[in-house]
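Enquirer: One structure, pasted below without further comment.
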Amino acid sequence: MRQRTEAAVYTDDVRALWEMTAAELDEVIAAGRKRAERRARSDELLAFNIGALVLTAFNAPGRYPKTPESAFGRKPAAPADGGRRDFAEIARQLNARLGGKA
């Protein structure tokens with residue numbers, strides 16, 4: 001009975017627990033515990049990252065990241081046009097700087 005009570009936390013269909021074997025219940029419990037461990041680890045990393053950002057904000061505001069992507073080392077998503085607009089803007093600026101037509 002103790003296994004079924006523990007497993008009820010990890011599954012959506014409580015009625016299915018009564019139809020499971022002991023081995024299946026053990027699998028459900030183990031999977032639920034793994035999921036809880038992953039969630040706890042994710043929460044720990046989030047708390048650490050927030051702490052690091054607060055530390056930077058107070059001690060070195062000039063180094064505070066401008067975007068979440070730069071804060072956590074993620075690359076921003078590629079633009080839908082594949083960067084053509086950015087390339088055209090860079091080309092326009094170079095032409096203006098070198099005296100060509102903009």
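Enquirer: If you take the C-alpha gyration tensor of the chain, multiply each eigenvalue by 5 and take the square root, what semi-axes do you get, largest first, in whole Å?
Expert: Values: eigenvalues 585, 98, 11 Å².
Here the semi-axes work out to 54, 22, 8 Å.
Enquirer: List 66, 34 from most exposed to least, where exposure is judged by having the fewest other Cβ atoms within 10 Å.
Expert: Final ranking by Cβ density, sparse to dense: 66, 34.
Enquirer: Divide by every residue of the chain the summed helix terms, -39500 (n - 2.57) for each DSSP H run of at least 4, and state the resulting mean residue ellipticity at 222 nm, rounded to the nearest 500 deg cm²/dmol.
Expert: Working: 5 runs with 68 residues, N = 102.
The helix-only estimate for the chain comes to -21500 deg cm²/dmol at 222 nm.
Just so you know, all these numbers are worked out from the coordinates, no wet-lab data involved. This is a predicted model, so every value here is computed, not measured. When we count neighbours, we look across all protein chains shown, and the Cβ atoms used for this are built from the backbone with ideal geometry, even at glycine.
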